[in-house]
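The values are calculated or read from the model by the stated rules, or taken from the named source; none is laboratory data. Quantities reported herein were computed from a predicted structural model and do not represent experimental measurements. Every residue, glycine as well, gets a Cβ built from its backbone with ideal geometry; the counts of neighbours run over all protein chains shown.
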Amino acid sequence: MRIPLPEYPRPQLRRDSYLCLNGEWNLRFLSDGDKAEDYRILVPYSPESEFSGVNRTLQHYETMLYSTHVDFPDVDLEKSRLLLHFGAVDYRAVVFIDKKQILEHVGGYLPFTVEVDKSSFDLDVSVQDPGDSEEISRGKQSSEPGGIWYPKTSGIWQTVWMEKVPRTYIEKIEITPDLGGFHITVILNDRSRGSAVLTLEGKDHEIFTCEQSYIRIEDPRLWSPEDPFLYQFDIRFNEDTVHSYVGLRTFGVGPDEKGNNVLLLNGKPYFHHGLLDQGYFKGGYYTPASDNDFINDITRMKSMGFNTLRKHIKVEPLRWYYHCDRLGMLVWQDMVSGGGRYKLSVISAPLVIGSFLKDDRYDKFAREDENARKVWEDEAYGTVRILYNCTSICMWVPFNEGWGQFDSKRIVANILKLDQSRTIDHASGWHDQGFGDFRSLHVYFHPYRFKADKKGRAVILSEFGGYGMDTNTTAKKAFTYKRFRTRAELTKAIVHLYERQIMPAKEEGLAASIYTQVSDVEQEVNGLLSYDRSLIKVDVDEIAGMSRKLLEG
């Protein structure tokens with residue numbers, strides 16, 4: 001039986017003990033008064049996807065019940081613990097061991113873990129997904145896909161796995177690099193204080209759990225997209241050993257030689273030449289066929305000269321960030337949007353008349369439900385915590401184009417309490433609240449001309465372009481912002497766009513540009529790659545030449 005995505009899912013906290021539970025499970029759809037429908041599903045693909053083998057959409061009134069049997073070999077539960085991990089389950093998951101409920105988790109994008117007290121057991125996971133409900137973060141998912149909206153993804157969509165750990169074990173680590181080394185905090189499952197050993201480049205460093213230690217590195221080699229060097233290290237606490245890594249880098253905003261505020265990498269001006277990355281895959285929706293699909297997307301974009309990906313309204317499995325870390329790709333991480341039905345007048349007003357609304361007007365942004373706002377905040381702050389150690393993440397993006405936006409100034413302040421090592425684009429596109437480090441613009445329907453921000457903030461073009469070519473890989477009506485017929489026409493248009501608009505803007509002070517987008521998704525055909533990744537829709541050498549001209553200036 002094929003085991004999809006068998007790689008260890010957590011690259012910065014790795015152990016030798018690992019059991020992957022991906023593969024074929026039983027799946028039952030349940031609803032009141034109706035006969036149950038039984039399937040075999042390939043985990044971790046959502047039932048809506050082709051790869052799952054189900055091709056069935058979970059309705060908001062239904063419940064899915066996943067079932068499998070688990071045997072974890074060679075474990076002494078008097079000396080060890082067994083941890084059961086879920087990468088992500090959309091949206092409400094209840095976990096049962098031998099029919100006994102042991103955990104309920106709410107939220108479709110973040111991992112969760114539960115301890116299991118037996119090594120052989122029946123595992124059931126009950127899942128509900130309210131779909132377009134205001135209460136949930138849903139991103140680009142829609143029950144009525146079309147245009148820039150895509151099909152929903154329900155249930156288990158990231159790896160399910162187990163590991164054996166000692167009774168007292170390293171539960172998490174927190175890594176904060178600088179240009180001379182890194183700070184590290186090791187947290188045990190019982191929150192106790194004790195002596196641990198960190199081994200780096202053959203040298204042992206004594207550190208203590210539950211307190212921050214600093215590991216200084218002689219003659220440090222700094223991380224960048226051009227030289228994505230990672231320091232590998234181990235941490236030992238009594239019988240527990242974990243393997244991890246760190247890249248030494250800093251991010252920030254500061255003046256260039258002309259006095260314009262721009263983005264900084266390792267204390268020096270660095271232009272972010274990037275792409276919008278939706279993270280959808282033909283056949284698997286949220287989940288790729290293999291780990292190589294992640295790698296191929298990143299390496300293809302690097303081959304064209306791009307150094308940044310804006311992960312758009314989705315949180316990826318940790319392995320995606322690992323590949324960005326090791327291959328050298330900066331990441332802007334969006335939070336997953338939620339709220340009620342987006343109001344066209346609110347979304348389009350900045351485009352038509354250039355006006356911005358105050359985001360404490362909850363009624364305008366479909367954010368009147370207080371509990372739904374709290375749910376979103378909990379998930380946003382959880383995203384920061386889960387992804388904190390990722391070397392490549394340089395920017396958090398709480399809100400995009402006003403989708404479910406609210407109280408951004410307070411929320412940015414809370415994010416900064418969790419992480420002061422990265423920059424924050426508080427309102428990507430519009431409904432700018434006039435604070436922070438950035439004036440963030442989306443420009444699709446008219447030529448872009450640089451204008452310095454009146455408040456002196458760095459100016460970033462956080463979405464633009466969206467040029468498309470239909471490759472006939474979808475039967476649905478194709479959507480794009482501007483259509484071209486051939487690969488040569490599309491390539492020429494993109495190169496001209498950069499030469500006539502982006503390069504002059506960069507010379508005047510533009511700090512970043514994010515082109516839409518990496519790949520086609522469903523009916524949206526403005527990718528540099530086709531949806532199935534079988535076709536590169538542009539001339540790689542010409543795009544790479546444009547990139548060199550832009551970056552070398």
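The conditions are (1) under 23 Å from Arg449 (Cα atoms); (2) touching a residue at least 40 places away in the same chain (Cβ under 8 Å); (3) more than 27 Å from the chain's Cα centre (by Cα), and Thr480 fails exactly one of them. Which is it?
(3)
Conditions first: (1) without any contact (Cβ under 8 Å) to a residue 40 or more places away in the chain; (2) assigned to a strand (DSSP E or B); (3) surrounded by fewer than 22 Cβ atoms within 10 Å (Cβ to Cβ). Arg439 passes all but one, so which condition is the exception?
Single failed check for Arg439: (3).
Residues that are over 25 Å from Arg2 (Cα atoms): list the strands (runs of 3 or more DSSP E) wholly contained in the stretch 23-129 that include at least 1 such residues.
On the way: elements: 23-30, 37-43, 63-71, 80-86, 92-97, 100-106, 112-116, 120-128.
Answer list for the stretch 23-129: 23-30, 63-71, 80-86, 92-97, 100-106, 112-116, 120-128.
Answer yes or no: is there a residue in the stretch 285-303 that is modelled with pLDDT of 95 or more, within 13 Å of the chain's Cα centre (by Cα) and not in a helix (DSSP H, G or I). Spell out the reasoning first.
Step one: of the stretch 285-303, the residues modelled with pLDDT of 95 or more are 285-303.
If we keep only those that are within 13 Å of the chain's Cα centre (by Cα) as well, we get 286-287, 294.
Add one more test, that the residue is not in a helix (DSSP H, G or I), and what stays is 286-287.
Within the stretch 285-303 (the criterion being modelled with pLDDT of 95 or more, within 13 Å of the chain's Cα centre (by Cα) and not in a helix (DSSP H, G or I)), the answer is yes, since at least one residue qualifies.
Of everything in the stretch 283-328, what is out of contact with any helix residue (DSSP H, G or I) (no Cβ under 6 Å at 6 or more places or on another chain), buried (at least 17 other Cβ atoms within 10 Å of the Cβ) and at positive phi? Give them in sequence order.
Tyr285, Ile313, Gly328
Taking Asp363 as meeting all but one of (1) acidic (Asp, Glu); (2) farther than 23 Å from Phe464 by Cα; (3) modelled with pLDDT of 95 or more, write down the number of the exception.
Exception for Asp363: condition (3).
Can you tell me which residue among Leu84, Leu103, Leu77 is surrounded by fewer than 19 Cβ atoms within 10 Å (Cβ to Cβ) and within 16 Å of Leu123 (Cα to Cα)?
On the way: Leu84 fails: surrounded by fewer than 19 Cβ atoms within 10 Å (Cβ to Cβ); Leu77 fails: within 16 Å of Leu123 (Cα to Cα).
Unique residue meeting the criteria: Leu103.
Return the residues of the stretch 196-228 that are part of a loop (DSSP other than H, G, I, E, B), acidic (Asp, Glu) and within 13 Å of Ile184 (Cα to Cα); say none if nothing qualifies. First the steps, then the outcome.
The initial filter retains those residues of the stretch 196-228 that are part of a loop (DSSP other than H, G, I, E, B), namely 201-202, 209-211, 217-228.
Filter again for acidic (Asp, Glu), leaving 201, 211, 218-219, 226-227.
Glu211, the sole residue that qualifies.
Regarding Lys506, is this residue assigned to a loop (DSSP other than H, G, I, E, B) and not acidic (Asp, Glu)?
Working: assigned to a loop (DSSP other than H, G, I, E, B): no; not acidic (Asp, Glu): yes.
Taking the combined requirement at face value, the residue does not satisfy it.
Exactly one of these conditions fails for Met335: (1) within 24 Å of Glu401 (Cβ to Cβ); (2) touching a residue at least 40 places away in the same chain (Cβ under 8 Å); (3) in contact with a Gly (Cβ under 9 Å, 6 or more places away or on another chain). Give me its number.
Unmet for Met335, out of (1) within 24 Å of Glu401 (Cβ to Cβ); (2) touching a residue at least 40 places away in the same chain (Cβ under 8 Å); (3) in contact with a Gly (Cβ under 9 Å, 6 or more places away or on another chain): (3).
Working carefully through the options Tyr448, Tyr388, find the one that is touching a helix residue (DSSP H, G or I) at 6+ places or on another chain (Cβ under 7 Å) and assigned by TED's automatic domain parsing to the domain that holds Phe365.
Numbers: Tyr388 fails: touching a helix residue (DSSP H, G or I) at 6+ places or on another chain (Cβ under 7 Å).
Checking each option against the conditions leaves just Tyr448.
Being touching a strand residue (DSSP E or B) at 6+ places or on another chain (Cβ under 7 Å) and farther than 10 Å from Asn526 by Cβ is the filter here; which residues of the stretch 453-475 pass it?
Asp453, Gly456, Arg457, Ala458, Val459, Ile460, Leu461, Ser462, Glu463, Phe464
When the residues of the stretch 141-178 are filtered to those that are at pLDDT below 95 and crowded, with 24+ Cβ neighbours inside 10 Å, which remaining residue is nearest to Asn526 (Cα to Cα)?
Gln141
It is to be established whether one or more residues within the stretch 482-503 are in contact with a strand residue (DSSP E or B) (Cβ under 7 Å, 6 or more places away or on another chain), part of a loop (DSSP other than H, G, I, E, B) and outside the structural domain of Ser143 (by TED's automatic domain parsing). If you could, list the steps in order and put the result at the bottom.
The initial filter retains those residues of the stretch 482-503 that are in contact with a strand residue (DSSP E or B) (Cβ under 7 Å, 6 or more places away or on another chain), namely 482-484, 490, 493-494, 497, 502.
Pick out the ones that are also part of a loop (DSSP other than H, G, I, E, B) and you get 484.
If we keep only those that are outside the structural domain of Ser143 (by TED's automatic domain parsing) too, we end up with 484.
Yes, the stretch 482-503 contains at least one residue that is in contact with a strand residue (DSSP E or B) (Cβ under 7 Å, 6 or more places away or on another chain), part of a loop (DSSP other than H, G, I, E, B) and outside the structural domain of Ser143 (by TED's automatic domain parsing).
Would you confirm whether any residue within the stretch 394-401 is under 29 Å from Ile173 (Cβ atoms) and free of Cβ contacts under 8 Å to residues at least 60 places away in the same chain?
no
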